[in-house]
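A.B. asks: Handing you a structure now.
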Amino acid sequence: MDRALIFVTLAFATMFFIAREGTRLTKERLTEIGIAIFTFSCCFGRMYIPIIKGDGEPCGTFNSSLAIWPFYAMGVWLLWIVAREKQWRIRRPNIWLFFIFAGYAAFTLINPYNMARRQSIVEVFYFLSFAVFVYLFTNSFSVKTVLHGIYMGLACTVILHTLLAILYPILDFEAAITLFDSEAATRSDERVGSVGTMGHPNILGTYASYYFIFFCACFVTAFKRQESAIFAGLSFFIIVMTASRSALLAAMVALIAMVVFYVYRRYKLLSLQSFLKAIIPLGIFMALLLQGPLNFLFNDVENLDDMTMSRLLHYYCGYEIFQDHPLVGVGVNTHLIYLIENSSAMIFEQVFDVTDLYQPEEFMFSNPIHNIWIILVDELGIFGFLPILGFIIWYIATFKRRTRRSRNRYYNILNISGLGVVFCWLVQGNTDWAPLTPQVLNLSLLFIALSLNRHYAAEEHLEFETVESSRRRLRDQAAQEAEEAEETEEVRS
């Protein structure tokens, strides 16, 4: 029933977009609608079809089976565009990226300590196929078309998530929890939260933090400023309704990063002007929010202590794995299986009795480690983790340079969104594993990939004219000239 409702919702959104255009519907607008529907589909946690089952549960941060995700269906359309309209005249792919992906795939699959290679194949196949999708995506559309489509899709996402957040927890309509995910579950403590279409409050909070910074980027670049301000406010409301403290803090830090790195980009990062005009005012405003209207998220001291203790014990489990295999790790998507099979983790039974935590074994051995950096270093080892860490540092360090090189507002929005994703990883990734779920990666990796596209950065900020609109303009011009010629002839006669 949940997947049926998803397809009905997507069909309704498609008809709405088409009906809204009416007689103004052109090929370019149809393309934007296609991108919007794809972007909208990424918000559904159950929007995948399992095809080959992997090893048994648990499955780590990824599913335990190969699955068809929304970008697979989008890829079929992209192949048709590249073959039919582009005549296969596309840019040559970056050969170094191919070697990087192939190297990581071989690195994890031949790892002698990998205890569940089938589950590693699930994650490797996802990343390789997503890279192919992004390559086709950027070769098929201009940055203006992409930005307009993403905006429409995320606006639709915000509206749906807002309605679901009002139904639950505000109106306490519990049936809204499982409307789009029959296996969805909210928290069992007093800090109930909206799950939206993602299946869990933390995953929804992570996803909402990404489109929150996207609409903030639209606002600061003066792109549909009034609508963007409304959608950014609704996005922040959704984050609060999830009661995800890590997502809330991540969104705030990403907002500060956007202001410092883009709004006041003419100043040095650690200059006095940056502190006086950006960091200090925003910090004071956010502190007042946390101490005032949002204090209810942090006033449950007992819950905070339990969650902190559980996470610290879980981090120590990750340290045990790292001690066993520090250089090459245990293989992607397998750290939880390794933890369960490794008898050294059972020494925590003594700690469990001392801390008096509620069913700590269930938490430890049924949830991935709530820290994406520990997960990465455990599964990839030092050899695989250091290049990723180097990429994060390089991405932040080169943000201003990418911004200076581009005069395209559409690209700048995507560039800011990518920066926000990275800072959300840095903040929320230290306390949660939601940023590594494929449902969330569909959007975050898309922002990162588009922000690194040099061809998008080089595009001029012009209103691109489609073939149909060009022909229509020429026909109108010819008709006007014919009318003027007839009038002239009548005057002469």
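Throughout, read-outs are computed from the coordinates displayed, never taken from laboratory work. Bear in mind the structure is a predicted one, so any value in this text is a computation, not a measurement. All Cβ positions, even for glycine, are placed from backbone atoms using ideal geometry, and neighbour counts span all protein chains on display.
A.B. asks: Which of the listed residues, ILE68, PHE12, ILE52, is farthest toward the dipole's positive end in region 1-84, when Lys, Arg count +1 and Asp, Glu count -1 at the beta-carbon?
C.D. replies: Towards the positive end, the residue furthest out is PHE12.
A.B. asks: How far, in degrees from 0 to 90, does helix 301-324 lean away from the longest principal axis of the Cα atoms of the chain, to the nearest 10?
C.D. replies: Result, in degrees: 80.
A.B. asks: On to the next question. Mind putting a number on the dipole of region 400-466 about its Cα centre? Charges go on the C-beta only, +1 for Lys and Arg and -1 for Asp and Glu, and I need it in Debye to the nearest 20.
C.D. replies: 440 debye
A.B. asks: Could I ask something else about it? Show the residues, 5+ positions off or on another chain, whose built amide H is closer than 5 Å to the amide H of ALA67.
C.D. replies: Those qualifying (amide H under 5 Å, at least 5 residues apart or on another chain) are ILE51.
A.B. asks: Could you sort the peptides 401-409, 119-127 by per-residue average Cβ neighbour count (10 Å cutoff), highest mean leading?
C.D. replies: Ranking the peptides 401-409, 119-127 by packing returns 119-127, 401-409.
A.B. asks: Further question: Using the Kirkwood radius over Cα pairs, work out the Stokes-Einstein diffusion coefficient for region 247-301 at 25 °C and 0.890 mPa s, in µm²/s as a whole number.
C.D. replies: Reported coefficient: 203 µm²/s.
A.B. asks: One-quarter of the Cα convex hull surface for region 171-305, in nm²?
C.D. replies: 9.6 nm²
A.B. asks: Note down the net charge around THR9, summing +1 for each Lys or Arg and -1 for each Asp or Glu among other residues with Cβ under 15 Å from its Cβ.
C.D. replies: 0
A.B. asks: Which of the pairs LYS224/LYS277; LYS277/LYS400; LYS144/LYS224; LYS27/LYS144; LYS86/LYS144; LYS27/LYS224 have their Cα atoms more than 20 Å apart in this structure?
C.D. replies: Among LYS224/LYS277; LYS277/LYS400; LYS144/LYS224; LYS27/LYS144; LYS86/LYS144; LYS27/LYS224, the Cα-Cα distance tops 20 Å for LYS224/LYS277; LYS27/LYS224.
A.B. asks: Per the Cauchy relation, a quarter of the hull surface: what is the mean projected area of the convex hull of the alpha carbons in region 381-452, in nm²?
C.D. replies: 5.1 nm²
A.B. asks: Output wanted: per-residue J couplings in Hz (rounded whole) for region 112-124, from phi through Karplus 6.51 cos²θ - 1.76 cosθ + 1.60, θ = phi - 60°, x for Gly and Pro.
C.D. replies: Residue by residue, region 112-124 yields x, 9, 6, 9, 8, 5, 4, 6, 5, 4, 4, 6, 4 Hz.
A.B. asks: Find the eigenvalues of the gyration tensor of the Cα atoms of the chain, then list the square roots of 5 times those eigenvalues as equivalent ellipsoid semi-axes, largest first, in whole angstrom.
C.D. replies: Equivalent ellipsoid semi-axes, largest first: 43, 26, 23 Å.
A.B. asks: Calculate the dipole size of the chain relative to its Cα centre from +1 charges on Lys and Arg beta carbons and -1 charges on Asp and Glu beta carbons; express the result in debye to the nearest 20.
C.D. replies: Here the chain has a charge dipole of around 2300 debye.
A.B. asks: Contour minus end-to-end for ASN299 and THR14, with contour as 0.36 nm per residue of separation and end-to-end as the Cα-Cα distance?
C.D. replies: 98.3 nm is the gain from fully extending ASN299 to THR14.
A.B. asks: Shifting gears a bit: Run the helix sum for the chain: -39,500 (n - 2.57) per DSSP H stretch of 4+ residues, divided by residue count, reported at 222 nm to the nearest 500 deg cm²/dmol.
C.D. replies: -21500 deg cm²/dmol
A.B. asks: Please work out how much length the chain gains when fully extended from LEU312 to ILE110, using 0.36 nm per residue of separation minus the C-alpha to C-alpha distance, in nm with one decimal.
C.D. replies: Difference between extended and current length: 69.6 nm.
A.B. asks: Angle between the Cα long axis of helix 143-165 and the longest principal axis of the chain, 0 to 90 degrees, nearest 10?
C.D. replies: The two axes meet at around 50 degrees.
A.B. asks: To the nearest 10 degrees, how steeply does helix 2-21 sit against the main Cα axis of the chain, on a 0 to 90 scale?
C.D. replies: 20 degrees
A.B. asks: Region 1-158: D in µm²/s via Stokes-Einstein (Kirkwood Rh, Cα pairs, 20 °C, 1.002 mPa s)?
C.D. replies: Using the Kirkwood radius from Cα pairs, D works out to 121 µm²/s.
A.B. asks: Starting from the Cα-Cα distance between TRP96 and ILE166, subtract it from 0.36 nm times their residue separation and give me the gain in nm to one decimal.
C.D. replies: 20.5 nm
A.B. asks: Continuing with the same structure: I want the local charge near ASN342. Using Cβ-Cβ distances under 10 Å, sum +1 for each Lys or Arg and -1 for each Asp or Glu among the other residues.
C.D. replies: Computed value for this residue: -3.
A.B. asks: Taking the alpha-carbon centroid of each part, what is the distance from region 207-227 to region 128-160 in angstrom?
C.D. replies: For region 207-227 versus region 128-160, the Cα centre distance is 15 Å.
A.B. asks: Next question. Based on the Kirkwood radius over alpha-carbon pairs, what value in µm²/s does the Stokes-Einstein equation return for the translational diffusion coefficient of region 156-207 at 20 °C and 1.002 mPa s?
C.D. replies: 201 µm²/s
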